[in-house]
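Here the structure is laid out as structure tokens; the discussion comes afterwards.
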Amino acid sequence: MSKIDRRSALGIALAAASAALVKPAAAQATGYKDMTPWPGVVVREYEGETPSLIPGFKTVSMRDVIMQPGAKTMGPPMMNAMICHITEGELRLQQDGKTFTGKKNFVWTCNKETKEQAYNDGNVVAIMRITDLKA
């Protein structure tokens with residue numbers, strides 16, 4: 001192993017420190033439209049759909065459901081199949097009569113017409129990222 005001089009060591013230390021301070025964004029900053037369907041709930045729809053390679057689905061799109069502490073959704077039937085992912089916080093979910101908890105990085109699916117209601121019982125903002133699979 002070769003020796004590292006002070007200047008190289010300082011450069012490496014600064015690079016490591018600045019990398020440690022960078023936190024990835026929880027939600028995209030541009031190219032979206034926000035709606036507030038229920039108190040304390042913002043649905044952020046991102047622009048564009050992408051063709052799907054999954055049989056039975058023509059396109060995919062993405063949106064975030066951003067829920068303030070104490071907020072809940074009303075449980076409408078799903079308009080299409082989707083993959084859901086908790087990117088921040090924690091949600092209590094009721095899906096077709098079953099209750100489960102989605103903690104950060106939890107992933108689950110919903111089919112068309114699935115009824116699901118989400119509750120943010122915590123004290124931090126929760127974000128559910130949804131990938132819509134459109135037939």
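Return yes when residue 93 is open to solvent by less than 40 Å² (accessible area, probe 1.4 Å) and either out of contact with any Asp or Glu (no Cβ under 8 Å at 6 or more places or on another chain) or free of Cβ contacts under 8 Å to residues at least 12 places away in the same chain (or both) and no when it is not.
No, not satisfied.
Mind checking which residues of the stretch 62-86 are open to solvent by 20 Å² or more (accessible area, probe 1.4 Å) and farther than 15 Å from residue 110 by Cα?
66, 68, 69, 70, 72, 74
Which one is modelled with the highest pLDDT among residues in the stretch 100-135 that are open to solvent by 90 Å² or more (accessible area, probe 1.4 Å) and closer than 15 Å to residue 73 by Cβ?
Once the filter is applied, the top-ranked residue is 121.
Cβ-Cβ distance below 6 Å, separation of 6 or more or different chains: which pairs start in the stretch 61-80 with a residue that is touching a residue at least 60 places away in the same chain (Cβ under 8 Å) and end on one that is assigned to a loop (DSSP other than H, G, I, E, B)?
Listed pairs, sorted by first residue: 61/49; 64/27; 67/120.
The values are calculated or read from the model by the stated rules, or taken from the named source; none is laboratory data. Everything numeric here is computed off the predicted structure, so don't read it as measured data. With ideal geometry, Cβ positions are generated from the backbone for all residues, glycine too; neighbour counts draw on all protein chains shown. Only protein heavy atoms, including side chains, enter the accessible area calculation; ligands, DNA and RNA are left aside. Shrake-Rupley method; radii C 1.70, N 1.55, O 1.52, S 1.80 Å.
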